[in-house]
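What follows is one structure encoded as structure tokens, with my remarks underneath.
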Amino acid sequence: MCLGIPGEIIEIAKDRPDLAVVDVVGVRRTIHIGLLTEDEAKPGAWVLVHVGFAMSRIDELEAAATLEMLAGLGQAYTDELDALARSDIG
């Protein structure tokens, strides 16, 4: 199962403005942000991450509620976090 997981943009790559580092429950990974507008993709913004792409911007309350719901999924959520931890497009 593949899930969209909320992550917070930490920084935009200086040499690749289409890439950003996000923090997803303590796991930091580089993701592609080319599907977002410039206003949506900035440090501090929360985004929905799926297979290495920021699919859309979400607000912090929605991110917190989604993370809480996903944690209740148990193994599927754990598997998704493990896959994220192993991935690296940077």
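Tabulated data
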read-out: Nearest-0.05 FRET efficiency for Ala85 and Asp39, computed from C-beta distance (R0 22 Å); value: 0.15
read-out: Proportion of all alpha-carbon pairs of the chain beyond 14 Å (%); value: 59 percent
read-out: Angle between the chain longest axis and helix 75-86 axis [Cα atoms, degrees, rounded to 10]; value: 30 degrees
read-out: Exposure proxy order (Cβ contacts within 10 Å, fewest to most) of Thr66, Thr37; value: Thr37, Thr66
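We did not get these values from a lab; they are worked out from the coordinates using the rules stated. From a predicted model like this one, the values you see are computed outputs, not experimental measurements. Here Cβ is always computed from backbone atoms with ideal geometry, including for glycine, and neighbour counts include all displayed protein chains.
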